[in-house]
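Report on one structure; see the data block that follows.
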């Protein structure tokens, strides 16, 4: 159980960049001493950094991020990206949200289409790809995620008519919908949703059940979920009852 919890802590820190011992203890319903032991083990492996009362995911330069070897979760995200990319038809106009799973969609994309994104890593992947017309939003760069956010980013979507939106989320919960840890990113996601015809959520199954800081969409906004085979049959059934098509990579 401790190794599974440590894997989940590592995953959460990748998403949130930093979390306090108290937050982690409350999330996992264990003592702060237990969390400190978990963090000590993760730090000894070089996976995180510790400060007084909190843990930090080490900042990774963008070029390093793109060249990192894939671990288990990244391999699953790659499979999600490959399956999601098959949903893109030639000539589509699509939006790729910022995030590691949408980055996997970009890496798998080989269909001639128009792409608008607020992600610098995605732009780096698609900038020289033949057949891709790439549009980049303006905005403020968020350190760590390299996502563009703010009023300039939101304004970039005005007048844009997207056939498909490939959307990421930090929290994916049956009752609370889709959520993220940052209000600026939440506002950008809502701007994307406003101009998309079909919304495709791409999410690792480990995110299912989590709730983050701000809900930016409910399930009636989502048409398709592309995830991995770790999704439970009961959750899949609940989502299908809500009208969401579930595709397992």
- [ ] Return only the number of the condition from (1) outside the structural domain of residue 132 (by TED's automatic domain parsing); (2) surrounded by fewer than 20 Cβ atoms within 10 Å (Cβ to Cβ); (3) at pLDDT below 90; (4) part of a helix (DSSP H, G or I) that residue 75 does not satisfy.
- [x] (1)
TODO: State which residue pairs qualify: first residue within 22 Å of residue 86 (Cβ to Cβ) and inside the range 210-226, second residue assigned to a loop (DSSP other than H, G, I, E, B) in any location, beta carbons under 6 Å apart, and separation of 6 or more residues or different chains.
DONE: 222/244; 225/244
Open item on the list: One residue is enough: does the range 187-198 have a residue meeting the conditions in contact (Cβ under 8 Å) with a residue 12 or more places away in the chain, on the phi < 0 side of the Ramachandran plot and under 14 Å from the mean Cα position of the chain (by Cα)?
Closed with: yes
TODO: Output the residues belonging to the range 35-56 that are surrounded by 14 or more Cβ atoms within 10 Å (Cβ to Cβ), in a loop (DSSP other than H, G, I, E, B) and either assigned by TED's automatic domain parsing to the domain that holds residue 145 or modelled with pLDDT of 85 or more (or both).
DONE: 48
- [ ] Please work out if residue 231 is more than 22 Å from residue 124 (Cβ to Cβ) and either free of Cβ contacts under 8 Å to residues at least 40 places away in the same chain or within 14 Å of the chain's Cα centre (by Cα) (or both).
- [x] yes
- [ ] Give the number of residues within the range 21-38 that are within 15 Å of residue 4 (Cβ to Cβ) and under 26 Å from the mean Cα position of the chain (by Cα).
- [x] 6
Open item on the list: Need pairs with beta-carbon distance below 6 Å; first residue in contact (Cβ under 8 Å) with a residue 60 or more places away in the chain and within the range 1-25, second assigned to a helix (DSSP H, G or I); sequence gap 6+ or separate chains.
Closed with: 11/206
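The rows are residues; the columns are (1) at pLDDT below 95; (2) crowded, with 19+ Cβ neighbours inside 10 Å; (3) under 23 Å from residue 10 (Cα atoms); (4) not assigned by TED's automatic domain parsing to the domain that holds residue 86.
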position	(1), (2), (3), (4)
172	no, yes, yes, no
180	yes, yes, yes, no
223	no, no, no, no
227	no, yes, yes, no
236	no, no, no, no
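The values are calculated or read from the model by the stated rules, or taken from the named source; none is laboratory data. Just so it is clear, the structure is predicted and the values come from calculations on it, not from any experiment. Counting neighbours? That spans all protein chains shown, and the Cβs are built from the backbone with ideal geometry, glycine included.
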